[in-house]
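The values are calculated or read from the model by the stated rules, or taken from the named source; none is laboratory data. A quick note: this is a predicted structure, and the numbers were derived from the prediction, not measured. With ideal geometry, Cβ positions are generated from the backbone for all residues, glycine too; neighbour counts draw on all protein chains shown. To get the accessible areas, we keep the full protein, side chains included, count just its heavy atoms, and leave off ligands, DNA and RNA. Shrake-Rupley method; radii C 1.70, N 1.55, O 1.52, S 1.80 Å.
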Amino acid sequence: MRQQQFEAQHGALWEEFAQLVAAAEKREKSPQLERLPELYRRVCSHYALARHRHYSTGLLERLHALVLLGHRVLYRQKSVWLWRIVVFFWAGFPSTLRRHRGVFWLASGLFWLPALAMGLACYFDGDFLHTVLDAPSVTRMEYMYDPSNPMVGRAENRESATDFAMLGYYIWNNVGIGFRTFASGMLFGLGTVFVLLFNGTVIGGVAGHLTQLGFTQTFWPFVSGHSAFELTAICISGTAGLLLAQALLAPGQQRRVDALQGAAKEAVKLMIGAAALLILAAFIEAFWSSTRSVAPVVKYGVGAALWVFLSLYLGLAGRRRGN
């Protein structure tokens, strides 16, 4: 193809690309900017073709300039998004949680108090867990943490699953619990309160029951690693749900819909952070908690360190000096 034909065929695209790059550099908002990556790839292809066909220096310089401009804009945008993610998790998420620390402690109380009470009840009465779980569920829990189980923490129907398969299961299960805890806040908080109470009761009851059975060398080393992230994330999800309930029940001087929109902005920030913690917990549970090659004392040490780390992160990250 002659150069003149090449320019006639693709000139309009180059002009459009140049205009979009200029708009992006001015930070103008336009739905057309979504086409930048696609146009950039095509301009790069045209530049390579022009070099291969030995077109004029002027055309090569023009296309090369477009390629450099596109790379600069796209790279800058990716960097900005990456930086925003870093800033959110370093400051935005923990700061938002601290802003609503009263609601967080309420959600934590709704989870931990029944967990402690049910744990003690099941420890002193081996049959008390049956008041909240049916017999097959109790049997499944006992099997999962029985010292004779070759794959501790896995039910009988999941023994053959790979660690990667279990990772997917844990993510699905963990995020599902977090989302239900959050979304049920739209039921004027009743759903969130119920989910927190129920999960605290079941988790505490299972812990007490298995401890009473003497499964301490399997159950506690297994849960010690991921418990900091998973259990805290459930309480944070409860905080997000209670914020929605607060807006519905006590909107103040605002219309209820306006109060709900404001609360939702804060709640979504909390849920993004909670989801990240739940996914991190799933990774630990899949690849660390289930391994038997690590001594229990090491798992306890790592678990304690993660609780300290998470407490410091949520309590101090993003604080300004003097605050």
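General observations
Yes/no per residue for (1) farther than 30 Å from PRO37 by Cβ; (2) among the small types (Gly, Ala, Ser); (3) surrounded by 19 or more Cβ atoms within 10 Å (Cβ to Cβ):
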{"residue": "LEU74", "(1), (2), (3)": "no, no, no"}
{"residue": "VAL87", "(1), (2), (3)": "no, no, no"}
{"residue": "TRP90", "(1), (2), (3)": "no, no, no"}
{"residue": "THR96", "(1), (2), (3)": "yes, no, yes"}
{"residue": "GLY102", "(1), (2), (3)": "yes, yes, no"}
{"residue": "TRP105", "(1), (2), (3)": "yes, no, no"}
{"residue": "PRO114", "(1), (2), (3)": "yes, no, yes"}
{"residue": "MET118", "(1), (2), (3)": "yes, no, yes"}
{"residue": "LEU129", "(1), (2), (3)": "yes, no, yes"}
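- Any chance TRP83 is at pLDDT below 85 and either open to solvent by less than 60 Å² (accessible area, probe 1.4 Å) or within 30 Å of MET271 (Cβ to Cβ) (or both): yes
- Of all residues in region 100-156 being basic (Lys, Arg) and assigned to a helix (DSSP H, G or I), the one that is nearest to ALA264 (Cα to Cα): ARG101
- Condition met for THR232 (of a type outside the set (A, V, I, L, M) and surrounded by 19 or more Cβ atoms within 10 Å (Cβ to Cβ)): yes
- Residue in region 272-279 that is open to solvent by less than 70 Å² (accessible area, probe 1.4 Å), within 17 Å of the chain's Cα centre (by Cα) and of a type in the set (Val, Ile, Thr) present: yes
- There is no residue in region 57-68 that is in contact with a Gly (Cβ under 6 Å, 6 or more places away or on another chain) and open to solvent by less than 100 Å² (accessible area, probe 1.4 Å).
- Helices (runs of 4 or more DSSP H) within region 215-314 that include 1 or more residues over 28 Å from THR162 (Cβ atoms), in contact (Cβ under 8 Å) with a residue 40 or more places away in the chain and of a type in the set (A, V, I, L, M): 227-249, 256-284
- Only one of the listed residues (THR201, THR181) is open to solvent by 20 Å² or more (accessible area, probe 1.4 Å) and over 23 Å from LEU306 (Cα atoms). That residue is THR201.
- Residue in region 241-249 that is open to solvent by 30 Å² or more (accessible area, probe 1.4 Å) and more than 16 Å from ALA115 (Cβ to Cβ) present: yes
- Number of the condition not met by TYR55 [criteria: (1) in contact (Cβ under 8 Å) with a residue 60 or more places away in the chain; (2) over 33 Å from the mean Cα position of the chain (by Cα)]: (1)
- Qualifying residue in region 64-80 (condition: outside any helix (DSSP H, G or I) and modelled with pLDDT of 75 or more): no
- The residue that is nearest to ARG2 (Cα to Cα), counting only those in region 16-52 that are charged (D, E, K, R) and exposed (fewer than 12 other Cβ atoms within 10 Å of the Cβ), is ARG41.
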